[in-house]
Amino acid sequence: MAYYITDACAKCGSCADTCPLGIITEGEEKYVIDADQCVECGACASACPLEAIEQE
């Protein structure tokens, strides 16, 4: 189950900085995780100060 970023995202970039695969990119409203490449390591969720990253 891949991770995804909810609307609570404040676009701080913490998740993108910690993703070991570099698959998190900045979108218009929030950051976006490429679900097809996500290996479910959870690094992004641990780094998010707003707990805006959940697992599908």
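Listed here are the residues, each with its yes/no results for (1) part of a loop (DSSP other than H, G, I, E, B); (2) among the hydrophobic types (A, V, I, L, M, F, W, C); (3) in contact with a Cys (Cβ under 7 Å, 6 or more places away or on another chain).
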position	(1), (2), (3)
Y4	no, no, no
A8	yes, yes, no
K11	yes, no, no
C15	no, yes, yes
L21	yes, yes, no
E29	yes, no, no
A35	yes, yes, no
C38	yes, yes, no
E54	no, no, no
Could you check region 1-28 and list, in sequence order, the residues that are open to solvent by 40 Å² or more (accessible area, probe 1.4 Å) and closer than 17 Å to E56 by Cα? M1, Y4, D7, A8
Inter-residue pairs, beta-carbon under 8 Å, first open to solvent by 80 Å² or more (accessible area, probe 1.4 Å) and in region 38-56, second in a helix (DSSP H, G or I), 6+ apart: S46/T18; P49/S14; E51/A45; E54/A45; Q55/A45
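The values are calculated or read from the model by the stated rules, or taken from the named source; none is laboratory data. Since the model is a prediction, treat every value here as computed from it, not as a measurement. We place every Cβ from the backbone using ideal geometry, glycine too, and count neighbours over all the protein chains shown. Ligands, DNA and RNA are excluded from the accessible area calculation, which covers all protein heavy atoms including side chains. Shrake-Rupley method; radii C 1.70, N 1.55, O 1.52, S 1.80 Å.
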